[in-house]
1. Ranked highest first by the average count of other Cβ atoms within 10 Å around their residues, in what order do B:115-124, B:411-420 fall?
2. Show the residues, 5+ positions off or on another chain, whose built amide H is closer than 5 Å to the amide H of residue A:273.
3. What is the dipole size for the stretch B:120-245, taken about its Cα centre, with +1 at each Lys and Arg Cβ and -1 at each Asp and Glu Cβ, in debye to the nearest 20?
4. Of A:258, A:300, B:399, which is farthest on the positive side of the dipole of the protein assembly as shown, counting Cα position, with +1 on Lys and Arg Cβ, -1 on Asp and Glu Cβ, and the Cα centre as origin?
5. Within a 10 angstrom radius of each residue's Cβ in B:400-411, how many Cβ atoms of other chains show up on average? Whole number is fine.
6. Other chains' Cβ within 10 Å of A:290-300 residues: what's the mean?
7. Just how far, in whole angstrom, is the stretch B:34-78 from the stretch A:218-259 if you go by their alpha carbon centroids?
8. Residues with amide H under 5 Å of residue B:399's amide H, sequence separation 5 or more or different chain, H placed in the peptide plane at 1.01 Å from N; which?
Amino acid sequence: MRLVPFWFIVITVLWTGFFILEGFDFGVGMLHGVVGRDDAGRRAAINTIGPLWDGNEVWLIVAGAAIFAAFPGWYATMFSGFYLALVLLLASLMVRGVSFEYRGKRNALRWRRTWDGLLTAGSLLAPLLIGVALGDLLTGLPINSHQEYTGSFWNLLQPYGLFTGITFVLICLLSGATFLGLKTTDDLRERAGRLARRVAPVTGAAVVAFVIWTHVTARSTFFLNPVELLAILAVIAAVWLVYDHREGFAFAATTVTMAACVVSIFTGLYPNVMVSSTNSAYNLTVHNTASGAYSLKVMTVVVVIFLPFVLAYQTWTYYVFRRRVSRREFLPLTGRHAAPSAPTATPDGAAPPAGQGL
Amino acid sequence: MTNVDLARWQFAFVTINHFFFVPVTIGLAFLTALLQTAWYRSKRDEYLRLTRFFGTLLVINVAIGVVTGLVQEFQFGMNWSAYSRLVGNIFGAPLAMEGLAAFFLESTFLGLWLFGWDKLSRRVHLLTIWLVSLGTVLSAAFIMAANSWMQHPVGYVMVNGKPQLNDIWAVFTNQVFVWGYSKVLLASLVTGAAVMLAVSAWQLRHGGAPEVFTRSARLALIVLVPAILFTMLVGDELGVIEAKYQPMKIAAAEAQWTTCQPCSFSLFQIGGGNNDHTPTQILAIPHLLSLLATNHWDGKVIGLSPLQSQYQKQFGPGYYVPNVFIQYWSMRVMAYVGVLVLLIAVYGLWLLRRQKLATSRRFLWVAIWAAVLPFLMNTAGWLLTESGRQPWIVQGIMLTKNGVSSSVGVTSIVISLVIFVLLYGVLATVDLMLMLKYSRQQLPPAHAETDADAPVPAVQY
């Protein structure tokens with residue numbers, strides 16, 4: 001059945017799409033309080049992702065649902081095995097999701113600071129937890145011959161998994177900082193640039209270590225595979241571009257880094273989908289967890305029809321909201337009149353952020 | 001409590017909560033799209049102001065609908081992994097389609113609508129709200145197809161004791177789906193219209209722009225009357241279909257232990273439940289149950305006791321009768337509340353024709369409080385449907401107790417249940433608070449498109 005590997009690729013693509021898109025808005029969520037010093041600044045930072053974050057988050061839902069439909073055995077073991085971690089993940093995503101909508105709905109400082117704090121915490125926890133989960137797939141978990149997870153919550157906290165989580169958080173931070181540099185003006189843009197320069201070397205070091213650790217964990221050949229090599233090259237390029245103040249290319253390179261890191265986990269996994277630390281004979285593979293041929297055929301037709309549409313209209317959305325967001329737009333009316341009537345949009349640098357498609 | 005009980009409590013809790021927000025979203029998205037279309041055609045400021053006013057309520061509500069939807073998507077694997085493993089190749093397909101075809105559409109275009117007021121042309125901006133509405137309607141279609149498959153499995157063959165999908169069209173032409181989906185859409189319109197009517201009524205009672213809110217009240221009533229009427233008619237047909245495929249569900253809804261022909265429908269009963277087979281029935285209406293369950297004046301309804309012995313022969317020893325108390329009363333709450341909504345809506349329409357709607361303080365008071373009725377009706381309807389399927393998780397194929405995750409212990413579910421109850425409690429309180437606050441606000445001013453001093457769209461974060 002050739003559709004089985006095809007669906008492994010589709011799922012890799014969906015997870016990659018999720019991380020490169022939601023990656024920068026996790027980053028913006030973590031950084032909005034640091035980049036925006038006052039309420040207007042914070043609102044400007046949040047509004048750079050305002051129209052986009054919800055559509056980005058759907059990638060996670062679809063990635064999960066696609067595993068359910070194409071590899072029910074994988075979905076069942078993974079989601080029940082990661083139970084408490086997923087409860088935490090859901091709580092962070094829920095809190096984060098409503099903070100966008102609710103923070104501006106009351107004009108009280110404490111109300112807004114509370115939602116700001118929750119937005120920051122949720123944006124930090126979510127990529128950390130998902131990173132730990134993806135890392136655990138590769139490094140192995142106690143799984144018995146019935147494909148049931150036999151460990152506890154603490155078995156999920158393994159060094160490689162934790163490091164994967166931290167690496168993803170760092171890439172999200174860099175992605176968010178470069179995105180904010182690309183999408184804001186004046187002092188916000190400057191602060192975002194400064195943050196990016198501070199984060200970049202740490203992210204770079206983490207990614208290099210992560211790639212080597214992944215390579216060793218996956219027990220593949222001696223040489224790095226092309227994806228792993230790409231991750232290292234991309235992150236070096238990203239660091240260099242950040243210091244060279246080239247916001248657009250720095251963001252693009254960070255996006256490639258993120259994509260290559262996610263893909264490297266999945267290439268390391270294949271043909272396994274969850275490694276069993278109990279006995280390698282109990283590994284979950286694409287074959288022993290896949291749906292029937294007919295289901296995969298139906299889902300293939302659906303994904304081939306709908307995914308291009310999704311990519312087209314999401315790309316268009318990024319194009320519509322391509323202009324920079326200024327702190328001035330969010331000052332109270334009197335303040336705005338006092339400010340010089342500078343244009344709220346700068347025509348230069350108004351290119352849509354790279355990598356919005358895939 | 002066992003892990004099965006706890007997992008069921010958790011499923012009921014998060015799903016019932018999720019379905020408070022879903023019908024409001026489906027209903028209000030459609031109604032907001034209608035208002036914006038009215039503005040697009042007439043260019044009258046009232047419609048623009050109403051679009052923005054109700055659009056804000058829609059957005060507040062969507063936020064919590066989306067995040068509670070995340071839990072819905074994950075919990076099958078988390079708590080029901082044996083079920084997911086067995087039927088994922090059938091049940092997972094519509095869920096993945098829902099994400100690809102509906103969630104992306106809904107969330108992407110909601111962002112475009114919300115932030116696109118001054119960036120898109122009037123025509124394209126109108127299109128975005130219609131696509132949001134289409135997304136909500138499509139999403140309900142896929143999830144209802146999945147749910148209907150659990151009620152009445154079709155389009156599969158058994159391979160080594162496992163159901164394998166072999167006909168996707170059968171899943172989407174399932175009679176339970178066709179009628180159940182229609183009913184959900186209509187009930188969502190009822191919910192959205194009732195909320196719009198209540199908000200308009202509150203505004204009219206408190207002197208908020210009568211000429212504008214009379215319009216929204218009128219729109220709400222014009223949608224509400226046919227929507228509630230058809231909800232009941234479609235619900236009746238759905239009952240007949242369910243009586244055919246899930247006879248236990250309908251027999252339990254009437255607490256009918258023995259076979260009857262013709263069968264009467266009791267308005268109330270005293271006692272009853274799974275251990276009391278002879279409750280005192282009050283005001284039995286002859287022939288009504290026969291009509292509801294079979295569409296025939298003298299139709300036959302098989303009782304719970306004969307069904308139980310038939311199921312034991314077919315599926316082996318076990319107790320196959322659902323919770324009769326829940327069935328009996330959820331059926332009645334749903335039906336009686338539906339009738340009440342219909343009466344209120346017809347009364348409102350009559351006042352509207354006589355041009356007394358805005359001044360009838362009594363009706364306005366009733367209309368405000370009537371907003372809770374559709375939520376009661378929806379919840380009762382889902383209890384009837386889902387509890388009536390028990391003890392099956394998939395009718396005839398898998399028992400609920402066999403579908404649970406064996407690797408998730410009681411402690412884990414208790415922890416997650418506590419977290420969800422606290423979280424949903426806080427979120428629902430905040431949501432209600434904001435809905436009330438924004439329902440009572442003054443209308444936003446009409447957007448002056450040439451106003452250079454107003455670069456900030458009215459709705460933003």
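1. My ranking of the peptides, most packed first, is B:411-420, B:115-124.
2. Under 5 Å from the amide H of residue A:273 lie the amide H atoms of A:284, A:285, A:286, each far enough along the sequence or on another chain.
3. 420
4. The residue sitting most towards the positive pole is A:258.
5. Taking all residues of B:400-411 together, the mean is 3.
6. The shielding value for this peptide is 6.
7. 40
8. B:393
None of the figures in this text is laboratory data; all of them are computed from the coordinates on show. Computed from a predicted model, the values in this text were never measured in an experiment. Every residue, glycine among them, receives a Cβ derived from its backbone with ideal geometry; neighbour counts consider all protein chains shown.
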